[in-house]
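Student: Below: one structure in structure tokens.
The values are calculated or read from the model by the stated rules, or taken from the named source; none is laboratory data. Not measured: the values here are computed from a predicted model. Because the Cβ atoms are built from the backbone with ideal geometry, glycine has one as well, and the counts that use them run over all protein chains shown.
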Amino acid sequence: MKKLVTVLIITTFCTIAFAQQITKFGVVDTALVYSTYFRESSAVRSYESKKTEFQDEINTLTKEIQNLQDQKLEYQKNGNDVQALKLEATITQKTDFLTEYSRAKNIELESLRKNLESSNDFYQDLYDVIAKIAESGGYSMILSLHSSDSILWYSPTVDLTNDVITGLSSIQ
């Protein structure tokens, strides 16, 4: 019986000593944080607004060109070749403008999108929130699921993604 009590005491001490040495890890899906954070940010809403505005303008110009082409076909059917040629010149001019406008606006939108993705403010906020969560939760290390090739398995209980999203949302 004494041996059993001694074994239990030694086992308990070993367990306590081992438990104190266990490092607490957490994981964060940074891609999900990024998409969620920016979906709710004013910068993304502004980007989406500009994108919609540009697309509406392109749709309007395209419809105008289509109407001119329909009108040109009507002139050609009625044998009014002079008016059809005048409209052809206008259609060509408007089509060239639409092509250049679309190209310029796509470049502008791409530039805005890249600025959003490389925002230093976002990454500083991200690391600050992760540090705060890690320190308050007693984590020794937080891993990014974005580089998932180095993580073979993790328990969902260590996924701090939602905590990070909540923390970033409170900054705004």
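Student: Do we find a residue being surrounded by 14 or more Cβ atoms within 10 Å (Cβ to Cβ), more than 30 Å from Tyr47 (Cα to Cα) and of a type in the set (A, V, I, L, M) anywhere in region 79-87?
Tutor: Quick first cut of region 79-87, residues surrounded by 14 or more Cβ atoms within 10 Å (Cβ to Cβ) only: 80, 83-84, 87.
Now restrict to residues that are more than 30 Å from Tyr47 (Cα to Cα): 80, 83-84, 87.
Those left that are additionally of a type in the set (A, V, I, L, M): 84, 87.
Within region 79-87 (the criterion being surrounded by 14 or more Cβ atoms within 10 Å (Cβ to Cβ), more than 30 Å from Tyr47 (Cα to Cα) and of a type in the set (A, V, I, L, M)), the answer is yes, since at least one residue qualifies.
Student: Additional query: Starting from residues that are among the β-branched types (Val, Ile, Thr) and at pLDDT 85 or above, keep the ones in region 37-71 and report whichever is nearest to Ala84 (Cα to Cα). Spell out how you get there, then give the answer.
Tutor: Of region 37-71, the ones among the β-branched types (Val, Ile, Thr) are 44, 52, 58, 60, 62, 65.
Narrowing the set further to residues that are at pLDDT 85 or above leaves 52, 58, 60, 62, 65.
Working: Thr52: 33, Ile58: 24, Thr60: 22, Thr62: 19, Ile65: 14 Å.
The extreme case among them is Ile65.
Student: Which pairs do you get when a residue that is under 15 Å from Leu126 (Cβ atoms) and among the β-branched types (Val, Ile, Thr), found in region 35-47, comes within reach of a residue that is part of a helix (DSSP H, G or I) and at pLDDT 75 or above, reach meaning Cβ atoms under 8 angstrom, with the pair 6+ apart or on two chains?
Tutor: That search, which allows pairs on different chains as well, returns Thr36/Ile165.
Student: Looking at Ala84 and the list (1) farther than 30 Å from Val158 by Cα; (2) small (Gly, Ala, Ser); (3) out of contact with any helix residue (DSSP H, G or I) (no Cβ under 9 Å at 6 or more places or on another chain); (4) assigned to a helix (DSSP H, G or I), which single condition is not satisfied?
Tutor: Just one mismatch for Ala84, condition (3).
Student: Given the residues Tyr34, Tyr75, which is the only one that is modelled with pLDDT under 80 and not acidic (Asp, Glu)?
Tutor: Working: Tyr75 fails: modelled with pLDDT under 80.
Of Tyr34, Tyr75, the one residue that is modelled with pLDDT under 80 and not acidic (Asp, Glu) is Tyr34.
Student: Moving on to the next point. Starting from region 60-76, take each residue that is over 13 Å from Leu98 (Cβ atoms) and list its partners that are acidic (Asp, Glu), counting only C-beta distances under 9 angstrom and pairs at least six apart or across chains.
Tutor: If the second residue must be acidic (Asp, Glu), the pairs left are Lys72/Glu88; Tyr75/Asp81.
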